[in-house]
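Below is one structure, written out as structure tokens; comments come after it.
The values are calculated or read from the model by the stated rules, or taken from the named source; none is laboratory data. Quantities reported herein were computed from a predicted structural model and do not represent experimental measurements. Here the Cβ positions follow ideal geometry from the backbone for every residue, glycine too, while neighbour counts run over all protein chains shown. The area values use the complete protein model at the heavy-atom level, side chains included, leaving out ligands, DNA and RNA. Shrake-Rupley method; radii C 1.70, N 1.55, O 1.52, S 1.80 Å.
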Amino acid sequence: MSGAFPSLEDLRAGGKRLLARVLSRLETHAGDAETAAFLDRICTSVRAEVVGLTGPPGVGKSSLSDALIKVYRSEGRKVGVLAVDPSSALTGGALLGDRTRLKTDPSDDNVFVRSMAARNRLGGLSDHAVAAIVVLRAVCDRVIVETVGIGQSEGDLKQAVDTVILCIQPGSGDSLQFMKAGIMELPDVVAVTKADMGVLARRAASDVRGALSLSGAGTGGWQVPVCEVSAETGQSIQELTVLTARHHAHLVESGTLDPRRQDQQAAWFGDMVRTEFGLTGLRLAEQPPADVRMDRARTEPFTSFASFAADFRRRLG
């Protein structure tokens, strides 16, 4: 790939090597107007259902991702995985590299896995993750986003995926902690992992259902289901994919999928402004004619940010 970004048609037909080069260019040329124009061009060309996995460290998110990949591939789906890893304090690079924990076939051109370092972001997504999600969801049939397992600070994920799966481990007391933190307001589906633990898993599922009933989880008539799964034995993995597909269908049928994605894109714009320019920049972005700027950001978040950033820097001299 030379200077210009490929067309969407070429990207979809180009295989993993071209996709990897495009994602690398997004990181190295993040501030370019050409990059922003490319991302906005494909922002509305969504092919994939985008599923996000969140939960505390050790809950089994990577094993669950691996199991989901197998189900999606058995259905003939093209799968993209974005794994956001903890970062090295010294280098800023990914500490664990989730790619090493996924047992994918390197020769399978229909599975693409990308790891990104979280760097200093506490919301569960890295600075370049949103751009990567835009590309992956335009190319793949299913996209799995696995976030840093920090437990109680995963709100960013809700602004980037169609369906949030909250993973909870039996016997860990997570359900009580999540209920305290208000995390139960985030998921669209709850997966109790390691269901092969038997009684402990069933007890955790019961606790989570109680927490969900108290938190008033679910919006627009959607009742958040709880699924006991085991990546080790394959128990209920197929059922989990059915539940996520059912949630996606619910969004489509209720007419909320497109507005939800546009709200996400406006949130991306606000997050990019806050990350780059702090609260001062965000206050400026919300000043008149903020209504025009924010409305444009619902469909063109990346060029809106590039325009705002250029104007902000001019004001600073």
Legend entry - Amide H partners (placed H, <5 Å) of residue 192, local residues excluded: 168, 227, 228, 229
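Could you sort 228, 9 by accessible area so the largest value comes first, with the probe set to 1.4 Å? If you can, show how the numbers build up before the last one.
Values: 228 45, 9 130 Å².
If we order 228, 9 from most to least accessible, we get 9, 228.
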Inset, instruction - Extending each Cα 7 Å along its Cβ direction at residue 263 and residue 282, get the distance between those two points in nm, one decimal. - result: 1.8 nm
Legend entry - For the range 23-32, 3J(HN,Hα) per residue [Karplus equation, 6.51 cos²θ - 1.76 cosθ + 1.60, θ = phi - 60°, Hz, x = Gly/Pro]: 5, 5, 5, 4, 6, 7, 10, 4, x, 6
Legend entry - Under-5 Å amide H pairs with residue 115, H placed in peptide plane, nonlocal only: 83
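How do 70, 158 stack up against each other in accessible area, from largest to smallest, with a 1.4 angstrom probe?
Working: 70 110, 158 50 Å².
Descending order: 70, 158.
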Inset, instruction - Please work out how much accessible surface residue 141 shows to a 1.4 Å probe, ignoring ligands, DNA and RNA, in Å² rounded to 10. - result: 40 Å²
Inset, instruction - Using θ = phi - 60° and the Karplus relation 6.51 cos²θ - 1.76 cosθ + 1.60, list the HN-Hα couplings for the range 262-276 in order, rounded to whole Hz, with x at every Gly or Pro. - result: 5, 4, 4, 5, 5, 5, 4, 4, x, 5, 5, 5, 5, 5, 7
Legend entry - residue 296-residue 47 pseudo-label distance in nm [points 7 Å out on the Cα-to-Cβ vector]: 3.0 nm
